[in-house]
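Below: the structure, in structure tokens.
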Amino acid sequence: MLYIERNPSYSSRNTNHCSARPPPGKNNVTPPFRTLVDLFEKLRSERRQDVKKTLLSNWINGWREKVGKDFFPLLRLLLPHLDKERVYGLKEATIANLYIDLFRLQKSKNGKESHASQLIKWRQPTGQGSAPGDFSAAIFDLANKHSEVTESTSSIKRINDFLDNLSNAMKDQ
């Protein structure tokens, strides 16, 4: 099993590297998270493997040229299931309740199915075109209906910092 973890011997403070591999170097400012989302959307819609490989290769080469040689922040977002430093301990029901609180949604509306109850019952078919059992699609639909943010300005570093803070908060509980 492959795991992602930063090797402490590569720290910029430690000059006694015991490995033949050079340290990753200091990164410049990371690009907006939106550029990574755009890449994922292009990869998802593209059918040809050679085009997918070119898109990914170009994006990574751009990272190397503009950001630096340290791919750790990128890999944490590309392969979150391999990142053993971040453990959230959040289940879908907990996340659904957090979003309901965040958007201040009411649990029912005059006997009619509310957005909150749709999110709580995300495993059940709604008949509105979204696939049952797709929690991320249910969250996306909810955020689209209730958020006024049209374009994210957060950088990849800022997203990583947020996820680190969330993971640390969950460990403290």
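Derivation of every value follows stated rules applied to the coordinates shown; laboratory data play no part. Note that the structure is predicted; figures quoted are calculated from it, not measured.
For SER114, the amide hydrogen comes within under 5 Å of the amide hydrogens of LYS109, counting only partners 5 or more places away or on other chains and with H modelled in the peptide plane. Each listed q (0.23 Å⁻¹) maps to a log10 I(q)/I(0) for the stretch 41-92, found by the Debye formula over equal Cα scatterers with no solvent: -0.95. Put simply, the amide H of SER155, placed in the peptide plane, has neighbours under 5 Å in PHE33, leaving out anything fewer than 5 places away on its chain.
Close amide H partners of ASP83, meaning residues 5 or more places away or on another chain with modelled amide H under 5 Å apart, are ILE4. Length available on full extension from SER57 to PHE40: 0.36 nm per residue minus the Cα-Cα distance, which gives 4.8 nm.
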